[in-house]
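> A single structure is presented below for examination.
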Amino acid sequence: MSTLPGAAAEIRAEASEPRSDAAPAPSDVRTGRSPGRVAWDRLKKDKVALVCSAIILFFIFVAVFAPLLVSLQSVDPITGTKADVSTTQTDLVDVNGYPIIGMTSAHWLGVEKGLGRDLFARWAYGARPSLVIGFVAAAASTVIGVTLGLLAGYLGGVVDRAISWFIDFMLSLPLLLLVVAVVPIVELRFGDRGSLSAGETSTIRFWVIIAVLVSFGWMGLARLVRGEVKSLREREFVQAARAIGVPTRQVLFREILPNLVGPIIVSASIAVPAYITAEATLSFLGAGLVEPTASWGRTIADAQNSFARYPLWLWPPVLGISLLVLAMSLLGDSIRDAFDPNTRR
Amino acid sequence: MLTYLLRRIALALTVVLATLVASFLLFFAGPSDPAQAMCPEQRCSTDRLNQIRESLGMNRPLIAQFSEYFTGLFVGRDFQVSGDTVQCSAPCLGLSFLTNRPVSEEIFSRFPATVLLTVGVVVVFLLVGVSTGVLAATVRGTAADRMLVGGSQIFGSIPPYILLLLFALYTTRLYPIFPQAGSLSDGVIQFLPGLIAPWIILGLITATGYTRYTRNSMIETLSMDYVRTARSKGISERKVVGKHALRAALSPVLTILGLDVAALLSGTLITERIFEIDGIGRRALAALGQDDLPVIMGTVLVTAVIVVSMNLIVDIAYSFVDPRVRLS
């Protein structure tokens, strides 16, 4: 079971794609529209995609306006202040650490067991790292995957063999185990723990996670692009461009790359939820984000032991991450169908 | 054929060798300092740290450490641990810093638990995945088809660890419908009931993919000419689907099966952690928390070997089925 997008995703995509297909041509294909435009028009009519986009936008809204949303909560009568994301409020928990209040107007989702921090604030702020890691890591691994795939596929020969070997090598590694192992190692290299504040350590950890996830997550796309480029470079239009002396760079970026927009967008859109899942999994396994950054994965890990007595702690982040990843995955599937309607049959 | 085989095996060997070198550099030449983690005192003096490093053999030149490790893989090594000699027979992956037992022993003694987990999961996802896939393909386009495909899509899109965790929390702890995992040392019969819950949930999660592959592959096969021929000869629909189409439709599914088995054998970290099954994944996670480098590195190596050999088997099997593969 791999949580990284690189591993088996590409093989699965191949296996699930139909090859010989006798389906009639879709009626909405008209001449004069680019493939991207056709896909976009199809996507706009897809109701699942619409609902999923709304859910994703909701979470982006929560993440962006987290401070504002938190300030909408009323003043707490016990502490006499408004809740924020990091303040410890031990007045709100009993001697066993369990909260003495439930869902109130001052704490929409109650407070954390033990430290008594406001759970709505933790939840709203917790959407931030998930989304940032998802999008940044997907963008970075797309760039790396496309670059290496282009180089391997177009140059061929030794370069191709070296890159292909490297892809094979990376894919045979136990990715999750290595990511969990490598995060603290990379962190040690870039930050001396003793002299940094908790906030700085947390920021370093955040970027280390992105870097490690990206370095273990680009292979699927690289392999896909390599295969596509290998077949494209033999096509007449590429040979014609080369014959009239178009420089290699321009052949790559003007002739070949535009033909790969579809698979690249599809792969990137599937990578975002995969990275969000990977981050939450890492946080759950104890190699993810650290305090004081609010993270759904860590809240889930903290809350699991009191789930029976205090389910309110566990469920909001569980629903948050499930809904966000589900919406993104289904949107990714819709995007794939929009580029290649034959997959939905 | 022979050249293809040799080339493929040579490639696999280079990958294993590279994993060995890379993980050695990463863990032993990297900035991690197991001495710090192992020091019993609160604030460790430099002398004490050096003493621990010496006892671990980490103060010697890297090349010497590596060549010892490498030869140990083939001929075994002997370790001196506080006066005693611990024999580490080939393939020696070093000694655990914490338990002073050979890493190979630590890993292989836990391997049966992981294998039992994997086997059950494979049985569940093949049964569920292939049967729902075939069912969806035969009722293609109906409400039942849409429900099966949509359901598997939704179920397969939720982060697996969330499903595993919720299932474990609610069905083994809050409402003990399924027994919790025990230890394999109590005997297989006592151990197996504890695996029912992970078998079901991990099997169902993995099955979602197989529902879709099988359905797509089946739909494709059912539109082939030979299936039409079989139908026009008057062979019953059950025989056409079950015998003529299913066999052909399953060959792409089998490729993915090989890779998934490898992934399961090497990647049940989360399942083993959540359901507290004492397999290699849980051991590796424990080692990570304790900076027990030889165990982490040993697990990385062993799992890489599993993945590489599984890939090799799948490729070679495929080259028998489809001769075109050999030429590429």
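The values are calculated or read from the model by the stated rules, or taken from the named source; none is laboratory data. Since the model is a prediction, treat every value here as computed from it, not as a measurement. All Cβ positions, glycine included, derive from the backbone under ideal geometry; neighbour counts span all protein chains shown. For accessibility, only protein heavy atoms count, side chains too; no ligands or nucleic acids. Shrake-Rupley method; radii C 1.70, N 1.55, O 1.52, S 1.80 Å.
> Restricting to the range A:152-181, and then to whatever is touching a Phe, Trp or Tyr at 6+ places or on another chain (Cβ under 8 Å) and part of a helix (DSSP H, G or I), can you tell me which residue is farthest from residue A:222 (Cα to Cα)?
Among residues in the range A:152-181 that are touching a Phe, Trp or Tyr at 6+ places or on another chain (Cβ under 8 Å) and part of a helix (DSSP H, G or I), the one farthest from residue A:222 (Cα to Cα) is A:181.
> Scan the range A:177-200 and report the pairs whose first residue is at pLDDT 75 or above and acidic (Asp, Glu) and whose second residue is part of a loop (DSSP other than H, G, I, E, B) and surrounded by 16 or more Cβ atoms within 10 Å (Cβ to Cβ), with Cβ atoms within less than 9 Å and a gap of 6+ or a chain change.
Listed pairs, sorted by first residue: A:200/A:191.
> Looking at the range B:94-110, which of its residues are open to solvent by 50 Å² or more (accessible area, probe 1.4 Å) and within 14 Å of chain A (Cβ to nearest Cβ)?
none
> Picking from A:39, A:49, A:54, which residue would you name as being touching a Phe, Trp or Tyr at 6+ places or on another chain (Cβ under 9 Å) and either of a type in the set (Lys, Arg) or modelled with pLDDT of 70 or more (or both)?
Working: A:49 fails: touching a Phe, Trp or Tyr at 6+ places or on another chain (Cβ under 9 Å); A:54 fails: touching a Phe, Trp or Tyr at 6+ places or on another chain (Cβ under 9 Å).
Just one listed residue meets the conditions, A:39.
> I would also like to ask the following. Identify, please: which residue in the range B:1-30 is at pLDDT below 75 and under 28 Å from the mean Cα position of the chain (by Cα) and is, among those, most open to solvent (accessible area, probe 1.4 Å)?
Among those that are at pLDDT below 75 and under 28 Å from the mean Cα position of the chain (by Cα), it is B:29.
> Next question, about the same structure. Among B:128, B:134, B:149, which is the only one that is out of contact with any Cys (no Cβ under 6 Å at 6 or more places or on another chain), on the phi < 0 side of the Ramachandran plot, within 14 Å of chain A (Cβ to nearest Cβ) and not in a strand (DSSP E or B)? Let's see the steps before the verdict.
On the way: B:128 fails: within 14 Å of chain A (Cβ to nearest Cβ); B:134 fails: within 14 Å of chain A (Cβ to nearest Cβ).
Result of the check over B:128, B:134, B:149: B:149.
> If you go through the range B:285-303, how many residues are facing chain A (nearest Cβ under 7 Å), within 17 Å of the chain's Cα centre (by Cα) and surrounded by fewer than 24 Cβ atoms within 10 Å (Cβ to Cβ)?
1
> When you scan the range B:232-247, how many residues do you find that are basic (Lys, Arg) and either open to solvent by less than 30 Å² (accessible area, probe 1.4 Å) or modelled with pLDDT of 85 or more (or both)?
Here the count works out to 3.
> Further question on the same structure: Give A:222, A:211, A:240 a once-over and let me know the one that is farther than 21 Å from residue A:142 by Cβ and either assigned to a helix (DSSP H, G or I) or within 14 Å of chain B (Cβ to nearest Cβ) (or both).
A:240
> For the range B:260-282, enumerate the residues that are more than 17 Å from residue B:194 (Cα to Cα) and either without any contact (Cβ under 8 Å) to a residue 60 or more places away in the chain or open to solvent by 10 Å² or more (accessible area, probe 1.4 Å) (or both).
Hits for the range B:260-282 are B:260, B:261, B:262, B:263, B:265, B:266, B:267.
Okay, residues lined up against (1) more than 10 Å from every other protein chain (Cβ to nearest Cβ); (2) in a helix (DSSP H, G or I); (3) at pLDDT 85 or above:
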site: B:191; (1), (2), (3): yes, yes, no
site: B:197; (1), (2), (3): yes, yes, yes
site: B:204; (1), (2), (3): yes, yes, yes
site: B:208; (1), (2), (3): yes, yes, yes
site: B:216; (1), (2), (3): no, yes, yes
site: B:219; (1), (2), (3): no, yes, yes
site: B:230; (1), (2), (3): yes, yes, yes
site: B:249; (1), (2), (3): yes, yes, no
site: B:262; (1), (2), (3): no, yes, no
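> Any chance the range A:188-199 includes a residue that's closer than 30 Å to residue A:127 by Cβ and open to solvent by less than 50 Å² (accessible area, probe 1.4 Å)?
Checked the range A:188-199: at least one residue is closer than 30 Å to residue A:127 by Cβ and open to solvent by less than 50 Å² (accessible area, probe 1.4 Å).
> For the range A:98-133, what are the residues that are part of a loop (DSSP other than H, G, I, E, B) and either without any contact (Cβ under 8 Å) to a residue 60 or more places away in the chain or among the polar types (S, T, N, Q) (or both)?
If the condition is that a residue be part of a loop (DSSP other than H, G, I, E, B) and either without any contact (Cβ under 8 Å) to a residue 60 or more places away in the chain or among the polar types (S, T, N, Q) (or both), then A:100, A:101, A:104, A:105, A:106, A:107, A:108, A:114, A:115, A:116, A:117 are the ones that fit.
> For the range B:264-294, how many residues are modelled with pLDDT of 85 or more and outside any helix (DSSP H, G or I)?
Here the count works out to 4.
> Restricting the search to the range A:253-278, which residues are more than 30 Å from residue A:289 (Cα to Cα) and open to solvent by less than 20 Å² (accessible area, probe 1.4 Å)?
Answer for the range A:253-278, where residues must be more than 30 Å from residue A:289 (Cα to Cα) and open to solvent by less than 20 Å² (accessible area, probe 1.4 Å): A:256, A:260, A:262.
> Kindly list, by first and then second residue, each pair from a residue in the range A:78-97 that is open to solvent by 50 Å² or more (accessible area, probe 1.4 Å) to a residue that is modelled with pLDDT under 75 and not in a loop (DSSP other than H, G, I, E, B), limited to pairs with Cβ atoms under 7 Å and residues at least 6 apart or on different chains.
Every condition considered, the pairs that remain are A:78/A:91; A:78/A:92.
> Just to be sure before I move on: is residue B:177 in contact (Cβ under 8 Å) with a residue 40 or more places away in the chain and either in a helix (DSSP H, G or I) or open to solvent by 10 Å² or more (accessible area, probe 1.4 Å) (or both) in the structure I sent? Steps first, answer last, please.
On the way: in contact (Cβ under 8 Å) with a residue 40 or more places away in the chain: no; either in a helix (DSSP H, G or I) or open to solvent by 10 Å² or more (accessible area, probe 1.4 Å) (or both): yes.
The answer is no for residue B:177.
> How many of the residues in the range A:112-133 are closer than 19 Å to residue A:75 by Cα and among the aliphatic types (A, V, I, L, M)?
Result for the range A:112-133: 4.
> Another question about this same structure. May I ask you to list the residues in the range A:295-328 that are over 30 Å from residue A:199 (Cα atoms), part of a helix (DSSP H, G or I) and open to solvent by 20 Å² or more (accessible area, probe 1.4 Å)?
Scanning the range A:295-328 gives a single hit, A:326.
> Just for the range A:243-290: of the residues that are aromatic (Phe, Trp, Tyr) and within 12 Å of chain B (Cβ to nearest Cβ), which one is farthest from residue A:219 (Cα to Cα)?
The qualifying residue farthest from residue A:219 (Cα to Cα) is A:284.
> Oh, and also: Quick test of your reading of the structure: residue B:85 fulfils all but one of (1) surrounded by fewer than 11 Cβ atoms within 10 Å (Cβ to Cβ); (2) modelled with pLDDT of 80 or more. Name the failing condition by number.
(2) is the only condition that residue B:85 fails.
> Find the residue count for the range B:31-74, including only residues that are in a loop (DSSP other than H, G, I, E, B) and either at pLDDT 75 or above or among the acidic types (Asp, Glu) (or both).
Residues meeting the conditions: 4.
> Also: Given the conditions (1) more than 9 Å from every other protein chain (Cβ to nearest Cβ); (2) surrounded by 18 or more Cβ atoms within 10 Å (Cβ to Cβ); (3) under 30 Å from residue B:13 (Cβ atoms); (4) among the small types (Gly, Ala, Ser), report the number of the one that residue B:317 does not fulfil.
(2)
> Do you know which of the residues in the range A:333-345 that are more than 9 Å from chain B (Cβ to nearest Cβ) and under 21 Å from residue A:55 (Cα atoms) is most open to solvent (accessible area, probe 1.4 Å)?
Residue satisfying both the conditions and the ranking: A:336.
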